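Right, one structure below, let's go through it.
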Amino acid sequence: MLATATVEKNAYDVALENFDLAANALELDDNVRAMIKYPERILSVSVPVRMDSGKTVRFEGYRVQHSTLRGPAKGGIRFHPNVTVDEVKALATWMTWKCAVVNIPFGGGKGGVTCNPKALSLGELERLSRRYASSILPLIGPEKDIPAPDVYTTPQIMAWIMDTYSMNKGYPVHGVVTGKPISLGGSLGRNEATGRGVFYTTECSCAHLGIPLKGARVVVQGFGNAGSIAANLFHSAGGKVLAVSDTRGCIFNARGLDIPAVIAFKERTGTVLGFPGAETIKPEELLALECEILVPAALENAVTGENAHTIHARIVAEAANGPVTPEADIVLVKNGVFLIPDILCNAGGVTVSYFEWVQDENHLFWDENDVNGRLEKVMKRAFGDVLKIHLDRKANMRLAANMLGIGRVAETSRVRGLYP
Ligand code: NAD
């Protein structure tokens, strides 16, 4: 059995279940499990914000540090109406294993505010971000816990958080968040890093399976940061991106979409829907398209037990966190679909966040080729490490990635002497 988020099972239950599967395969003893399985700290905050109307509205927010065993906690902040403490705990847990899979010296954390940022004015969004930053101030810091963007949070929001933290300290602290604007100590290549990591791990998968990337048919669900950049890289490598989507709808062209033109169209109009030269299809039709590479790059629970049998892709590359449910995992494995699990596939973002933090701490900045070259090396090495476990232990790819990440955290715990 495999586990990811489902409607009946919340994301955190799934994270615990996935942990047990990997811990059993690794034969970890109970002392180690007790040390590494659960979040170290969970902070729940009340975030009152003065709205433009003059009324004060209270939002709920969280910051969870799952692990600081291998280094400071690291993980994004999500602003979304569906944020719950259990979702944040699950995402923080996955961050711990993800940082270990790419072997960077960070633990796992995550934050979130239950809100609809699309309904807020810029001023309201700034006040919300700053108030939330003040509330989690005791937990964060460059040596303790370093937030970054996640769904519906941006480099501008990171800049407000950095500024709020720095005002409290009395001096500028660039390394407190990553994913910042370049003018504020951000890293070249950070914005594209998640999509690049998706591309590199898919390139490795194609090589492993003997699928030529040139001419490969690609379908991307979710055309935000991760999805649009991955789509553009597949397009540049000679892939044929048949369809892409966002919350407003899905577009399709059997001859392949001109992705740079779709990006420009979305920048102008706010959606991919209505792109000239493409037909509109339904979300379920997009997922069922026959293709070599399907990239779910939106949110959790995109591929479920109900629609998994409709997937006709050779490779599913999880750009999003938790897009494939446990029931769907079983169906995909049975149908011979090669899965690149989220904690490997989308780890490019946190890898370049680590590079950004290193540059901030050293006050010395790298050029973009340097960043991309180092990222490629890290992602391809991590892919090779996971593939080796997949082949040697006959573990499916999700279990193999969890075994790698959890095994590394367990080993750190052992050498720190935190269990006998
Ligand atoms: P984003 O806000 O930039 O983009 C999300 C996109 O998904 C938007 O285009 C939105 O319209 C679309 N979308 C939402 N629901 C959809 C649906 N039901 N059908 C089709 N499209 C839908 O967010 P992002 O940063 O690209 O994050 C996307 C996923 O990638 C999330 O799961 C996130 O946790 C994960 N991720 C992002 C990063 C990063 O660095 N940005 C790193 C690791 C993981």
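The values are calculated or read from the model by the stated rules, or taken from the named source; none is laboratory data. Quantities reported herein were computed from a predicted structural model and do not represent experimental measurements. Glycine gets a Cβ as well: all are built from the backbone with ideal geometry, and neighbour counts include every protein chain shown. Ligands, DNA and RNA are stripped out before the accessible areas are found, and what is left, the full protein with its side chains, is counted by its heavy atoms. Shrake-Rupley method; radii C 1.70, N 1.55, O 1.52, S 1.80 Å.
Give, as residue ranges, the helices (runs of 4 or more DSSP H) completely inside the stretch 292-395 that count at least 3 residues that are open to solvent by 40 Å² or more (accessible area, probe 1.4 Å) and under 23 Å from residue 146 (Cβ atoms). Walk me through it before giving the result.
Values: elements: 326-334, 342-345, 348-362, 368-392.
Helices (runs of 4 or more DSSP H) meeting the threshold: 348-362, 368-392.
When the residues of the stretch 99-119 are filtered to those that are open to solvent by 10 Å² or more (accessible area, probe 1.4 Å) and in contact (Cβ under 8 Å) with a residue 24 or more places away in the chain, which remaining residue is nearest to residue 383 (Cα to Cα)? Break it down stepwise before answering.
Going residue by residue through the stretch 99-119, those that are open to solvent by 10 Å² or more (accessible area, probe 1.4 Å) are 103, 105, 114, 116-119.
Cutting the leftovers down to in contact (Cβ under 8 Å) with a residue 24 or more places away in the chain gives us 103, 105, 114, 116-118.
Working: 103: 12, 105: 18, 114: 34, 116: 36, 117: 35, 118: 36 Å.
Applying the filter and picking the extreme gives 103.
Yes or no: residue 163 open to solvent by 10 Å² or more (accessible area, probe 1.4 Å) and closer than 28 Å to residue 345 by Cβ? Write out each step before concluding.
Working: open to solvent by 10 Å² or more (accessible area, probe 1.4 Å): yes; closer than 28 Å to residue 345 by Cβ: no.
For residue 163, the condition - open to solvent by 10 Å² or more (accessible area, probe 1.4 Å) and closer than 28 Å to residue 345 by Cβ - is not met.
Within the stretch 116-142, if we keep just the residues that are assigned to a loop (DSSP other than H, G, I, E, B) and among the polar types (S, T, N, Q), the residue that is farthest from residue 166 (Cα to Cα) turns out to be 116. Put simply, of 214, 144 the only residue that is open to solvent by 60 Å² or more (accessible area, probe 1.4 Å), away from the ligand (no atom under 16 Å from the Cβ), of a type outside the set (Val, Ile, Thr) and under 30 Å from residue 397 (Cα atoms) is 214.
Tell me whether the stretch 179-186 contains one or more residues that are open to solvent by 50 Å² or more (accessible area, probe 1.4 Å), more than 29 Å from residue 383 (Cβ to Cβ) and modelled with pLDDT of 95 or more. Spell out the reasoning first.
First, the residues of the stretch 179-186 that are open to solvent by 50 Å² or more (accessible area, probe 1.4 Å): 182-183.
From what is left, the residues that are more than 29 Å from residue 383 (Cβ to Cβ) are 183.
Still in the list and also modelled with pLDDT of 95 or more: 183.
Scanning the stretch 179-186 turns up at least one residue that is open to solvent by 50 Å² or more (accessible area, probe 1.4 Å), more than 29 Å from residue 383 (Cβ to Cβ) and modelled with pLDDT of 95 or more.
Residue count for the stretch 280-291 satisfying the condition of being open to solvent by less than 40 Å² (accessible area, probe 1.4 Å) and more than 9 Å from the ligand (Cβ to nearest atom): 5.
The single condition among (1) within 14 Å of the ligand (Cβ to nearest atom); (2) free of Cβ contacts under 8 Å to residues at least 12 places away in the same chain; (3) not aromatic (Phe, Trp, Tyr) that residue 323 does not meet is (2). Counting only residues that are within 13 Å of residue 398 (Cβ to Cβ) and more than 12 Å from the ligand (Cβ to nearest atom), how many does the stretch 342-354 have? The qualifying residues number 0.
Residue 330 meets the conditions (1) within 27 Å of residue 286 (Cα to Cα); (2) within 16 Å of the ligand (Cβ to nearest atom) in every case but one. The failed one is (2).
Return the only residue of 244, 262 being at pLDDT 95 or above, crowded, with 18+ Cβ neighbours inside 10 Å, more than 22 Å from the chain's Cα centre (by Cα) and within 12 Å of the ligand (Cβ to nearest atom). That would be 262, the only listed residue that is at pLDDT 95 or above, crowded, with 18+ Cβ neighbours inside 10 Å, more than 22 Å from the chain's Cα centre (by Cα) and within 12 Å of the ligand (Cβ to nearest atom). Apart from one condition, residue 291 fits all of (1) over 22 Å from the mean Cα position of the chain (by Cα); (2) closer than 18 Å to residue 200 by Cβ; the exception is (2).
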